Amino acid sequence: MSESAPATLEELNRLITEAEPGVTGGGRAVLGEGPIGADIALVGEQPGDREDIEGHPFVGPAGQVLDRVMAEAGIDRRRAYVTNAVKHFKFVQRGKRRIHQRPTAGEVKHYRWWLQREMDLVHPKLVVALGATAALALAGKALPIGANRGETHFGSHEGYITVHPSSLLRIPDAEAKQEAYRAFLADFRRIRTLVARRPAA
Ligand code: URA
């Protein structure tokens with residue numbers, strides 16, 4: 001990417017909004033939301049159907065899981081910065097339904113420069129990757145969640161890797177789902193402790 005680094009989040013968002021989607025489907029660009037200097041930046045994979053319709057990140061079913069876990073961990077979502085690795089919804093149309101498609105590594109790379117500038121401009125104490133696509137985008141290499149869950153570094157940013165909230169929604173067994181939720185909540189409690197200990201970034 002040859003663009004010079006934007007000086008403000010507004011300038012960055014303008015570049016993202018004006019760019020062609022880097023994935024098939026891809027309606028509007030769904031931009032990151034939250035305060036600059038937020039303690040925590042949460043990075044998801046890409047907007048889903050609901051997010052594309054409403055134009056905000058994590059407002060659909062995965063967002064509800066995120067809202068619940070953050071509330072239970074005592075983290076105020078309004079004070080966190082929430083964004084995605086890929087800014088457009090990648091989908092295939094089947095009848096009336098738009099079916100989510102996972103972005104390829106090449107597509108994630110296409111958006112990576114923007115995500116890095118976004119993290120530099122937001123400058124959070126901790127960057128949290130929600131799932132493998134976010135971890136790939138932030139680290140620049142594949143980091144399987146099982147082996148890498150927990151504290152890490154993404155370049156100059158302190159980082160943390162956990163699962164994507166939608167992975168909990170896909171678990172059919174109720175007990176296994178509850179167990180996965182407990183582990184997810186433990187991650188968010190740890191995240192809260194980590195940011196409370198760190199001086200402002
Ligand atoms: N899944 C994501 O990764 N991001 C969203 O914004 C919604 C669902």
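Observations on the model:
- Paramagnetic reach from Arg79 (point 7 Å along Cα→Cβ, amide N under 20 Å) across the stretch 164-186: 185-186
- For the chain, calculated [θ]222 nm from helices alone, where every DSSP H run of n ≥ 4 adds -39500 (n - 2.57): -13500 deg cm²/dmol
- When the convex hull of its Cα atoms is projected in every direction, mean area for the stretch 83-161 (nm²): 5.6
- Sequence ranges 116-123, 148-155, ranked by mean other-Cβ count within 10 angstrom, highest first: 116-123, 148-155
- Using 0.36 nm per residue and subtracting the Cα-Cα separation, the extra length available between Leu185 and Trp113 on full extension is 22.9 nm.
- Placing a pseudo-label 7 Å from each Cα along the Cα-to-Cβ vector at Ala196 and Leu15 gives an inter-label distance of 3.7 nm.
- Along each principal axis, taking the top coordinate minus the bottom one, the Cα set of the chain gives 46, 41, 29 Å in descending order.
- Zone of Arg97's modelled label, taken as backbone nitrogen in the stretch 19-57 under 20 Å from a point 7 Å along Cα→Cβ: 24-27, 46-54
- Between the stretch 152-201 and the stretch 26-54, the Cα center-to-center distance that results, in Å: 18
Quick note: the coordinates plus some simple rules give every number you see, no bench work behind them. Keep in mind that what you see is a predicted model, and the values were worked out from it rather than measured. Glycine also receives a Cβ, built like all others from the backbone with ideal geometry; neighbour counts cover every protein chain displayed.
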